[in-house]
Structures are given as structure tokens and as C-alpha cells.
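The values are calculated or read from the model by the stated rules, or taken from the named source; none is laboratory data. Small disclaimer: the values here were computed from a predicted structure and weren't measured. Don't worry about glycine lacking a Cβ; one is built from the backbone with ideal geometry, like all the others, and counts go over all protein chains shown.
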Amino acid sequence: TWTMVNIVEEQIARIQTQIGAEGHAICGLSGGVDSAVAAAIVQRAIGERLTCVFVDHGLLRKGEAEQVERDFVAATGVDLHVVDAQQRFLDALAGVSDPEEKRKIIGREFIRVFEAAEAEVLGAAAAEGAKVAFLVQGTLYPDVVESGGGAGTSNIKSHHNVGGLPEDLEFELVEPLRTLFKDEVRLVGEQLGLPAEIVWRQPFPGPGLGIRIIGEVTRERLDILRDADAIAREELTRAGLDRDIWQMPVVLLADVRSVGVQGDGRTYGHPVVIRPVTSEDAMTADWARLPYDVLERISTRITNEVAEVNRVTLDVTSKPPGTIEWE
Ligand code: XMP
């Protein structure tokens, strides 16, 4: 729409003023809509003086890394620095089943990997005399209000600790989405021609599939969950329900086995739980009354196509008392 064009043009001009003719900016991409739209706007403003960093921690769903590495780059022409950190995350998560412990490890490793990439990318700019490095963030208006933040930009001193960067290099935030709500961000994303899968992606937790495997996270379990999740999402989309459903986690009960029968033989596989919910803001949620025929297709396909899964169960718990995620 015309308003969205104005918003983009305004932000581009503002960012060009803020960053200046020489400044370098860096933006972490998560696979979600906010960071993608923020990066796309900044790319329009300063071109190749923006470097995007994508940490592939191996905890995304099927196709999501490719959406960033291939489709987002094709749509924007952005300069992308990919860090394949899959093995590092698996090593760090080995033997860990506790949900909070997993979250801490994933968060910690993410910061370490991102900061190493940051030091590499911005170290070069600093070596050429840059005094300020710009860090792009997809902060939305509700986040600004919630944190009581005022107008303008803030410096983030904590980033001085990033190893490999000069002590006196200052970081300044660039937040192109500070005045926008989520639905407006999606409109801007469409305006900028970003891939629909990114623009319309339902909420997905930062720790990713790591907190949808109940038990230890291993490569094999991630592959099982990715396959089951892809089928569930495909059937939801095919039924035209994507925009009615807030999100639909698929959870692998990796430490549980149940007996089944397939073909001539008994199986001893894992159950998955599907958790479709409706919600306005994720603070509360209701379990979604998916049509039986959609549930039937999800169940049949998962048990037919994912060898290790022999049972599909439905979570019919509201939030509260349940949370949306299982961990
Ligand atoms: P819960 O499970 O608390 O989730 O009902 C509420 C919403 O937050 C998402 N979620 C997260 N998002 N990092 C995130 O960025 C996280 O660690 C995280 N944990 C939960 C969840 O998917 C739901 O949309």
C-alpha cells in the first residue's frame, strides 16, 4: 500500500543519515520476518555496506535455512555471511535434557558464534578506520513500549566486550521497525518482495527445535522431528488454515516409545504431539479445533512417511495452564 511505501522511503532516508556515507552495519538473520525486513530496508539504504550474518545452528525447521541462504539473498541481493555451527550446537547440547539448561546453552552458543562472526566482519571495517559499527535489530513498536524505551537510538556498551574488535569501536543500534506493529512489518516485507514463507512465518522460538524434542537433542532426533513437522505444516497450509492458527508446534517425545503395528510387524517407535493453538498475543492461547479430516491426513502421513514415528497425539490444553511450547 501507499503508506507502506512511505514508511520504507522514510526509513531508508533516516538510515542513510544515521549511518553516513562510510559506516558499516551488521544484521543477524534468524529466519523470521522481523530481522529479514529490518535487513532488507537497511540493504536498500546502504547496499553492500550491510553484512548479514546467519548462524545455522541446525535447530530450524525443514527448508528454513535455505529460505534465508537462497531465497532471501535472491530477493534482496544482500551480502550474507553464513556460519555453519550445527556440529558445535550438537556438541554443546549432548547429554542435556533439562529445558532451561538447553535454552541457556543455545543462547550462550548463539552469542559466541554471532560475536565471532561480528568481529570478523566488522574487524575489517574498523581496520579501515571506522569508529562506529552499526548493529541492525528488528525491534518492533510493542517491544519499545514494553521496555519503556524513548525515541532515538541507543548505544550498547556491552558490545565492547566482543573479542577481536578495537576497544574504542562504538556500537550504535539501527532499528528500522521501531514504529511498526507485526502486521505492518509483514506488509512492508511484501512490499519489499521478500519470500512469502519468511513474511508469513508463524511465531517460532529462538531455541528452535531444540525445545521441541523432549529429551536429549541429537541429529537423528532433529531429522525425525523436521520430517514430521514439515508434513504437519504442509497439511495445515493445504487446508488453508495458516492464518487461523497462531502456531502449531510438533513435539517429539524422544524418550518415550510406544508399541504399534505396521505391515506385518510390531513397531516400537516414538510418539509426536501436535499442538495447534489460536491466540492473539501468545500470552494466552486456546487449543485449536482443527477439522478431523485435517488431523486425519496429518496423522496418516506422519506415520506412513516418518519411519520412527508410530503414533500421533493431539494436545488439547489451553494456556494457561499449559504453555504453547512443551519446554
Ligand atoms: P510459551 O511456550 O511460553 O510461548 O507459551 C509463548 C510464545 O513464545 C515463543 N517462545 C519463544 N520465543 N525464544 C523466543 O524467541 C524463546 O526462548 C521462546 N520460548 C517460547 C513460543 O513459540 C510462543 O509463540
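Of note:
- Residues (farther than 17 Å from W246 by Cα and either without any contact (Cβ under 8 Å) to a residue 12 or more places away in the chain or within 15 Å of the ligand (Cβ to nearest atom) (or both)) located in region 191-211: P207, L209, G210, I211
- Answer residue from region 109-140, given it is free of Cβ contacts under 8 Å to residues at least 12 places away in the same chain and among the charged types (D, E, K, R) and is surrounded by the most Cβ atoms within 10 Å (Cβ to Cβ) among those: R112
- Of R103, R108, all but one fail to be part of a helix (DSSP H, G or I), modelled with pLDDT of 95 or more and within 24 Å of E120 (Cα to Cα); the exception is R108.
- Only residues that are surrounded by fewer than 20 Cβ atoms within 10 Å (Cβ to Cβ) and not in a loop (DSSP other than H, G, I, E, B) were counted in region 248-268, giving 9.
- Some residue of region 214-231 being within 28 Å of A124 (Cβ to Cβ), in contact (Cβ under 8 Å) with a residue 40 or more places away in the chain and in a loop (DSSP other than H, G, I, E, B): no
- Any chance G215 is more than 17 Å from P271 (Cβ to Cβ) and outside the structural domain of E100 (by TED's automatic domain parsing): no
- Residue identified as within 21 Å of the chain's Cα centre (by Cα), of a type in the set (D, E, K, R) and within 15 Å of the ligand (Cβ to nearest atom) among R243, R226, R219, R233: R233
- Test set (1) closer than 29 Å to V8 by Cβ; (2) part of a helix (DSSP H, G or I) - E172 fails condition number: (2)
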